[in-house]
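Any read-out appearing in this document is the output of simple, stated calculations on the displayed coordinates, not a laboratory observation. Since the structure is predicted, the reported quantities are computational estimates derived from the model, not experimental observations. Ideal geometry is used to build each Cβ from the backbone, glycine not excepted, and the neighbour counts take in all protein chains shown.
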Amino acid sequence: MAMIHDIVRVTKLTKRFGNFPAVHGISFSVREGEIVGLLGPNGAGKTTTLSMMLGVIAPSSGDIRIFGKNFATHREEILKDMNYSSAYVKSPWRMTVWEHVYVFALMYEVVNPRQKTDEMLSTFHLTDLKNTLGGDLSSGNIARLNLAKAFVNQPKLVLLDEPTSSVDPDIADRIRQFIKLSREKYQTTILLTSHNMAEIEELCDRVIFMDHGKIVAVDTPEGLAKKIKKTRVRLMMRDGQKRTVEYCTNHHLTCQTNERYVTIDINEQQVASLLTDLSKIGADYTQISIDKPTLEDFFIGKARHETA
């Protein structure tokens, strides 16, 4: 088995705009074949970090090494084996969809560029739009076109900014399957941003969580979710709904009611005693669901903490 090594290694990376530190001394690495999510609220520094890794903006200080080479001194060589896609990048409106992808194939000196262009259009369901001008595309079709261009050179490293934003759910699922297949088949390394926490949980091996230009957590999606201690218990009440709410108030538990349902936030290890106590007070329920914390709970919890 080939030795797994770091494709990306970022050390003390900083970017200041005037006196404002958009990215402040962050360090992280991404291993070969790994899919890593770069998460955080708007303004956390995610896009600035990706922009520095692409050479679009220069760091104020720090070091970026990709494929074991210093990005500052080997930029052109590194970029040949990289690519990037953002759902928010507009395409030149006077070129057709086919021309967009074909030009990228030529730029990256892809073998059999016409064949590869057709393959990418088929993969991202763009074949029927191949003669459509960029200016006539919807936001969802632009996102798919950008992804086709991002994978046309079979890159070793892909940076994806909101890859499934604006696309229909069936296309989003197809894109996620392609991302996983690319990793499995070619050991493609992927660093992506997304506000879709379910997508991050499905795709990512690890998550790097940024806020105010700093890295505040690095873990697996499951590991970050476990940092939230609360479990959500949802009961469909037959009788005793008021007594259940009173119990929660007396025991300082957060609960919400919606028609016949009561939802209670409680530490996981206290669930058994909660159900025992509800039985003692005559609370009767016909359905129960116990939902463990998710990555979205962690994300929301962090956002609330920062705005509190």
Inset, instruction - Using label points projected 7 Å from each Cα along Cα→Cβ, tell me how many nm separate LYS226 and HIS195, to one decimal. - result: 3.0 nm
Inset, instruction - Estimate the FRET efficiency between ARG75 and ARG31 by the formula 1/(1 + (r/R0)^6), using the beta-carbon distance for r and 30 Å for R0, to the nearest 0.05. - result: 0.85
Inset, instruction - Find the eigenvalues of the gyration tensor of the Cα atoms of the stretch 85-154, then list the square roots of 5 times those eigenvalues as equivalent ellipsoid semi-axes, largest first, in whole angstrom. - result: 17, 12, 11
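Students often get this wrong, so check it: of LYS116/LYS226; LYS226/LYS280; LYS156/LYS214; LYS80/LYS227; LYS12/LYS292, which have C-alpha atoms separated by over 32 Å?
Numbers: LYS116/LYS226 43 Å; LYS226/LYS280 30 Å; LYS156/LYS214 27 Å; LYS80/LYS227 39 Å; LYS12/LYS292 35 Å.
Cα-Cα > 32 Å for LYS116/LYS226; LYS80/LYS227; LYS12/LYS292; rest within.
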Inset, instruction - Quick one: what are the phi-derived ³J(HN,Hα) couplings along the stretch 53-64, Karplus 6.51/-1.76/1.60 with θ = phi - 60°, whole Hz, x for glycine and proline? - result: 5, 8, x, 6, 10, 8, x, 6, 6, x, 9, 10
Inset, instruction - Mind listing the long-range amide H neighbours of TYR84? Cut-off is under 5 Å, sequence gap 5 or more, other chains count too, H placed in the peptide plane at 1.01 Å from N. - result: LEU159
Legend entry - Amide H partners (placed H, <5 Å) of THR231, local residues excluded: ILE266, ASN267, GLU268
Legend entry - Whole-Hz couplings from phi, Karplus 6.51/-1.76/1.60, listed for the stretch 34-47; x for Gly and Pro: 8, 10, 10, x, 9, 10, x, x, 4, x, 6, x, 5, 5
Inset, instruction - Taking the chain as the reference, fit the longest principal axis to its C-alpha atoms, fit the long axis of helix 113-123 to the helix C-alpha atoms, and give the angle between the two in degrees, 0 to 90, nearest 10. - result: 20 degrees
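Suppose R0 equals 41 Å; then what is the FRET efficiency for ARG94 and ASP219 from their Cβ-Cβ distance, rounded to the nearest 0.05? Walk me through the numbers before you get to the answer.
Working: r = 46 Å, r/R0 = 1.12.
FRET efficiency, ARG94 to ASP219: 0.35.
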Inset, instruction - Would you kindly enumerate the cysteines in the chain that have no other Cys beta-carbon under 4.7 Å from their beta-carbon? - result: CYS204
Legend entry - Cα long-axis angle, helix 271-280 against the chain (0 to 90 degrees, to the nearest 10): 30 degrees
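Give me the extension gain from THR127 to ARG238: residue separation times 0.36 nm, minus the current Cα-Cα distance, reported in nm with one decimal. Please report the intermediate quantities before stating the final value.
Numbers: separation 111, 0.36 × 111 = 39.96 nm, distance 5.47 nm.
Additional length available on full extension: 34.5 nm.
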Legend entry - Cα Rg, Dmax, the stretch 229-292, angstrom units: 10.3, 29
